[in-house]
Amino acid sequence: MMQNIPEVKLGLVAVSRDCFPIGLSIARREAVAKACGGGIYECPVTVENEKDMFAAAEDVRKAGCNALVVFLGNFGPETPETLLAKYFHGPVMFVAAAEGDGDLINGRGDAYCGMLNCSYNLGMRHIPAYIPSYPVGTAEDIAKMIADFVPVASAVIGIKNLKIITFGPRPQDFFACNAPIKGLYELGIEIEENSELDLLVSYREHANDPRIEEVCKDMAEELGETGNNYPALLPRMAQFELTLLDWAENHRGARKYVAFADKCWPAFPSEFGFEPCFVNSRLASRGIPVSCEVDIYGALSEYIGACVSADAVTLLDINNSVPAALWEKEIKGKFDYTLTDTFMGFHCGNTPSCKMCADRAVKYQLIQHRLLEPEGSEPDFTRGTLEGDIAPSDITFYRLQCDSEGQLRSYIAQGEVLPVATGSFGGIGVFAIKEMGRFYRHVLIEKHFPHHGAVAFGHYGKALFEVFRYLGVKDIAYNQPKSLTYPTENPWD
């Protein structure tokens, strides 16, 4: 169950230019509210001037609204309507009424024209707002636009109320995770950076916690008989889960939502006695991302995806190419993807079990076992990963990142996890994204993105694009079709 994402409560405010019939805006607002099926608060104040604006803002605040739809039922008063977005405390959407519900004399509202002045005024005041791709429509059209706004609003609200808690320092050999935190503050996010030693002290203080037994039962139920390879390990992992949850509760401060970015190797397994991956996966399934290798922007990206999809997400390495023999046998002729459209997304074992095939199980981390435990020994403290193939699904691969100059940039690519057995280890799947080869070279490599990407399980590119735009991100890359070359792409290649 998702516990750490906002519940969006929408308010609907109609605005009216004083030289147009106010009744037109009111009637059209009522029609929009009806088309929304009662899932929106209808503000009784229709805004014609600045006093109305303050009254409307206070009314929706008292009603508990955290996102706002400003509806131009007619031309609209450009100053009060845009100031409403300035003084409201959450994300704001602007839409306008189409004609056709009356005559074209007393029943004409000219909101099509009013949206132009509205957008001009928003620009003059540097006020961010969500405006749909075509923001003029009937009540039914606008109800659909409002539905599209909800996941965008959820992410924006979540980000503005988010604290990212880290346990580091960030590892040197994964320098790609060492991004400037300047971009976090510009987004309104708080960050609390701690030592991995702080985490170890807190973990030890949770020894013999009376809640451990109940968490162990829940873990065992989640894994089932075939997935619970190390039942004696569960109390340690349960103790760690409680440590993180208590830390979140005790350190969220004035913030409503929390994400973690933790250092998971090389000291972690030897000191804690297990790998944290399964616990990380369980928290992610509840809307509390725990990114690997202190990847702060990975945690942020995961959290945005959780808000947009209202579902579990994961963080994966854009890891290895698909062998040509596997593509020939399992993909060619069955799916419309070239070899370079495919790759394997992998991580040690942090993907939630609800997004994996039925044979997933807690195992040991092979790479860390090679590195940390004597050759030929049985795995001991490298156990704790959740391994298996990721279940077939539509996916969106995406990331929000701060570059070396402190500028925010992002990418979004939609695709799918194919129903193809990987024959490999870890939490892993065969991913397919159209034109991935070109995207890999001219976005991921060219723009210096790190190896981690967030994965949402579904096609959420439209909402993610609007979230990044609302946040002011100028560079939003995507996997462009062959007909549209990248600026760095050699046209003779």
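Taking the convex hull of the alpha carbon positions in the range 10-149 and averaging its projected area over all directions gives 7.1 nm².
Think of the chain as a dipole: +1 on every Lys or Arg Cβ, -1 on every Asp or Glu Cβ, centred on the Cα centre; then among Phe149, Leu83, Thr396, Leu83 lies furthest on the positive end.
In units of the rule-of-thumb radius 2.2 N^0.38 Å, the range 77-196 shows an alpha carbon radius of gyration of 1.51. Listed values for the range 214-224 are Karplus-derived 3J(HN,Hα) couplings in whole Hz (6.51 cos²θ - 1.76 cosθ + 1.60, θ = phi - 60°), namely 5, 5, 4, 4, 5, 4, 4, 5, 5, 7, x, and x replaces Gly and Pro.
In this rough spin-label picture, where each label sits 7 Å from Cα along the Cβ direction, the Lys217-Ala98 distance is 5.6 nm. Label-to-label distance for Ala207 and Arg370 is 3.5 nm, based on points extended 7 Å past Cα in the beta-carbon direction. In plain terms, the C-alpha convex hull of the range 22-95 casts an average shadow of 4.4 nm² when viewed from every direction.
Taking the range 62-101 and a reference point 7 angstrom along Cα→Cβ of Lys34, the backbone N atoms nearer than 16 Å belong to 98, 100-101. Our summary gives the chain a relative contact order of 14 percent, counting only alpha carbon pairs under 8 angstrom and 6 or more residues apart. Would you kindly state how much longer the chain becomes between Lys86 and Lys482 on full extension, computed as 0.36 nm times their sequence separation minus their alpha carbon distance, in nm to one decimal? Length gained between Lys86 and Lys482: 138.4 nm. With respect to the chain, whose longest principal axis is taken over its alpha-carbon atoms, helix 22-35 is tilted by about 30°. Please give the helix 234-251 orientation as an angle from the longest Cα principal axis of the chain, in degrees from 0 to 90, rounded to the nearest 10. Result, in degrees: 30. Note on Ser321, Ser154, Ser133, Ser291: ascending count of other Cβ atoms within 10 Å places them as Ser133, Ser321, Ser154, Ser291, the fewest first.
Taking a ≥ b ≥ c as the square roots of the eigenvalues of the Cα gyration tensor, the range 132-252 is oblate, since a/c reaches 1.5 or more and a/b is not larger than b/c. For the range 409-493, the Kirkwood estimate of the hydrodynamic radius, built from every pair of different alpha carbons, is 14.5 Å.
Counting beta carbons within 10 Å around each of Asp295, Asp317 and listing the fewest first gives the order Asp317, Asp295. Assuming R0 = 51 Å, what is the FRET efficiency of Arg108 and Asn250, from their Cβ-Cβ distance, to the nearest 0.05? Computed FRET efficiency for Arg108 and Asn250 comes out at 0.30.
Rounded to the nearest 500, the 222 nm mean residue ellipticity of the chain from helices alone is -11000 deg cm²/dmol, with -39,500 (n - 2.57) taken per DSSP H run of at least 4 residues. Placing a label point 7 Å from the Cα of Ser404 along the Cα-to-Cβ direction, the residues of the range 429-452 whose backbone N falls under 16 Å from that point are 444-451.
In terms of overall dimensions, the chain has a Cα radius of gyration and Dmax of 25.0, 87 angstrom.
Net charge of the neighbourhood of Met356, taken over other residues with C-beta under 13 Å away and scored Lys/Arg +1, Asp/Glu -1, is 0.
Applying 1/(1 + (r/R0)^6) with R0 = 56 Å to the Cβ-Cβ distance of Cys354 and Tyr120 gives a FRET efficiency near 0.75.
None of the figures in this text is laboratory data; all of them are computed from the coordinates on show. Only a predicted model underlies this, so the values are computations on that prediction, with no experimental measurement involved. Positions of Cβ are generated from backbone atoms using ideal geometry, with glycine treated the same way; all protein chains shown enter the neighbour counts.
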